[in-house]
Amino acid sequence: MKTLVTGGGGFIGSRLVRRLLERGHRVRVLDVQPGRLKHVDDPNLEFVGLGADPLRGGMLDRNLVRRAVRGVDVVYHFAINWDGRSWRGTLPIPELFNANIGGTWNLLEAAKSSGVKHILFSSSIAVYGNASIKTLVWRQFGKPARETLSRWRREKVGLVYMSMMLSRPSFRLP
């Protein structure tokens with residue numbers, strides 16, 4: 001199976017990439033930096049988008065995203081552009097919004113037109129900031145919001161779409 005992992009150099013994505021490689025999958029990573037995969041040398045690992053501008057390239061580059069999804073069966077979407085570990089708000093919110101929402105939209109459109117069978121979207125722990133509680137669960141975000149967003153994705157994009165949320169205590173990733 002050929003898999004695309006967006007944000008594959010990050011905390012969650014890199015663990016998934018390693019596990020997929022251990023199981024013999026061919027893995028393409030769409031990320032602007034290799035991150036935690038910098039020293040992984042595997043013939044089944046391919047990088048797309050390295051060195052791109054995180055606010056204007058990467059997921060926002062439609063041609064790059066189309067190339068990344070071409071020929072893959074499954075997409076795991078972990079890419080996020082955030083304001084680093086500082087949480088100081090130094091990047092303009094409209095640019096962050098465009099990079100994250102626009103980038104995800106590009107991915108969904110490209111996946112649909114390329115015949116991708118499944119997409120798994122997992123938000124990043126980064127979206128929670130410095131949370132004061134240890135575990136955040138999906139039901140805390142309100143059923144109407146979840147249902148509306150999921151219905152919109154199905155109707156507008158037409159993809160099988162699964163959303164999950166991870167928190168620090170429940171990662172249990174390899």
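The values are calculated or read from the model by the stated rules, or taken from the named source; none is laboratory data. Computed from a predicted structure; not experimentally measured. No Cβ is skipped: glycine too gets one built from the backbone with ideal geometry, and neighbour counts run over all protein chains shown. Just the protein is used for accessible areas: all its heavy atoms, side chains included, with ligands, DNA and RNA removed. Shrake-Rupley method; radii C 1.70, N 1.55, O 1.52, S 1.80 Å.
Say we look at the stretch 1-16 and pick out the residues that are open to solvent by 40 Å² or more (accessible area, probe 1.4 Å) and assigned to a helix (DSSP H, G or I); which of these is nearest to N106 (Cα to Cα)?
As a first pass, look at the stretch 1-16 and keep what is open to solvent by 40 Å² or more (accessible area, probe 1.4 Å): 1, 11, 15.
Applying the additional criterion that residues be assigned to a helix (DSSP H, G or I) yields 11, 15.
Details: F11: 23, R15: 24 Å.
Across the stretch 1-16, the extreme among qualifying residues is F11.
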Taking the stretch 17-33 and keeping residues closer than 18 Å to A110 by Cβ and touching a Pro at 6+ places or on another chain (Cβ under 6 Å) leaves V32
In the stretch 17-50, anything crowded, with 18+ Cβ neighbours inside 10 Å and on the phi > 0 side of the Ramachandran plot is listed as G49
When L55 is run through (1) over 26 Å from G115 (Cβ atoms); (2) open to solvent by less than 40 Å² (accessible area, probe 1.4 Å); (3) modelled with pLDDT of 85 or more, the failure sits at (3)
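In the stretch 17-31, which residues are of a type in the set (D, E) and part of a loop (DSSP other than H, G, I, E, B)? Please lay out each step first, then the result.
First, the residues of the stretch 17-31 that are of a type in the set (D, E): 22, 31.
Answer for the stretch 17-31, where residues must be of a type in the set (D, E) and part of a loop (DSSP other than H, G, I, E, B): just D31.
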